[in-house]
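A short worksheet on the structure shown next.
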Amino acid sequence: MKKYKILYLYVAFTLALNACAALAPANRTNPPGSTGADALPQAEPVAATPSTSQSEVTGMVPLTGHLLTPAGNAPDPTKMVDDVESSGTGPEGRAPYGDSYKLNRFERPFLQDMTYVPDLDIHKFGVSEDEDWYYISIQLIGDNPNREPAINYGAEIDLNADGFGDYMIWAHPPYQDQWDTSNVQVFQDSNLDAGGMSSTQSDAVFDGDGYDALVFDGSTQENADPDFAWVRWISQEAAIVQFAFKKSWSGPAFMVGVVSDAGLKDISKYDYNDYITNVDAGSPVRDNKNYPLGSLYALDNTCWEPYGIRSTGFEPKACQPIIVPVVKTPSGEDSEGEAAVVQPAGCTPDSPTFCEGDGTQWYPYICDCGQTPYIP
């Protein structure tokens, strides 16, 4: 009997042990090379409240993949930079001025047949910031960037003010009225040839690859930072296309210029005037000998504006300052004379002259002939 009692106790103990094991959680596999619970990711303690999301409690990435979103009410730019716009002359199939092939300054919000497209026409742009984000606001003449033709909007970022873009934030339709990353990409010029050999003159025909390295693609989940760059459309009488990008990426100082592109849309060939000849590109200005537009159409870009930089106004591609000379009146009092445009560095001749051959006038602001000088 004693033997059977011992056997009975052994069986009962074994059954109880197996029941406890069945109720215990399954073992977790630690990452290779790790041992014990210390190797598992540890979330920071968060006091759970009715407004605390599950992702905040666990420290896990939300299903959307986003941890930080730009502000719904982004700060307004303290300064908006004007661009030449063609709303007045567009119905006539021409730009008023502001297009300079030599300087890569294009005022071409027209299809190849010179049909004017208001949603391509940039009116002004500006930069603002909050604690985490820089915002680039592009105000259009048109009211709907989702209309045909499909328009890509971009922002070129120059981190060292040398006139050669380092990054391009590049967005394509459809544009939403909420912040979105799915239609945003960021490209880098990895081999320093965006802008050709000279950042301020045409190098056509240049053999390079422009913005060649994709560093962010919001349409995928395979990004080191899923919150890198965003875009949205603010619907109003004059629509605004707005970018947001993280301040931690660019640092506190940069130059920025913006572009709308529904033609070539090939940023591997930026700057376009380095890859396409003047004759092939055509011109939107009627008194230019290359009028009308050729292979370079449906394009509008701007001068570059410094942000966080103590600018001299003579940085390559910078918006040029206006000098208003002081003149003496007959009474001896000071008075403002006519506004004069400062000539970009490296632009000749030094004063307005008549261009050889066609009798048109040379305008120092745009380093070109046959144009009306742009005075913002």
Residues located in region 78-120, provided they are among the aliphatic types (A, V, I, L, M) and either free of Cβ contacts under 8 Å to residues at least 40 places away in the same chain or more than 22 Å from Asp271 (Cβ to Cβ) (or both): Met80, Met114
Among the listed residues Ser198, Ser190, which satisfies the condition of being among the hydroxyl-bearing types (Ser, Thr, Tyr), assigned to a loop (DSSP other than H, G, I, E, B), at pLDDT 90 or above and surrounded by fewer than 18 Cβ atoms within 10 Å (Cβ to Cβ)? Ser190
Hey, could you check region 226-253 for residues that are touching a Leu at 6+ places or on another chain (Cβ under 9 Å) and farther than 15 Å from Phe125 by Cα and say which is surrounded by the fewest Cβ atoms within 10 Å (Cβ to Cβ)? Gly251
Could you list all residues from region 271-285 that are under 28 Å from Gln188 (Cα atoms) and hydrophobic (A, V, I, L, M, F, W, C)? Ile276, Ala281
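Against the condition at pLDDT 95 or above and within 30 Å of Asn73 (Cβ to Cβ), how does Val279 come out, does it pass?
no
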Matching residues in region 100-127 - criterion: being in contact with a strand residue (DSSP E or B) (Cβ under 6 Å, 6 or more places away or on another chain), modelled with pLDDT under 95 and buried (at least 20 other Cβ atoms within 10 Å of the Cβ): Ser100
Met168 modelled with pLDDT under 95, of a type in the set (A, V, I, L, M, F, W, C) and on the phi < 0 side of the Ramachandran plot: no
Kindly evaluate Tyr211 against the criterion of being of a type in the set (Ser, Thr, Tyr), crowded, with 22+ Cβ neighbours inside 10 Å and assigned to a strand (DSSP E or B). no
Tell me which residues, restricted to region 219-273, are in a helix (DSSP H, G or I) and under 30 Å from Phe110 (Cβ atoms). Ile267, Ser268, Lys269, Tyr272, Asn273
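The values are calculated or read from the model by the stated rules, or taken from the named source; none is laboratory data. Worth saying up front: this structure is predicted, and the values here are computed from it rather than measured. Neighbour counts are summed over all protein chains in view; Cβ atoms, including those assigned to glycine, are modelled from backbone coordinates with ideal geometry.
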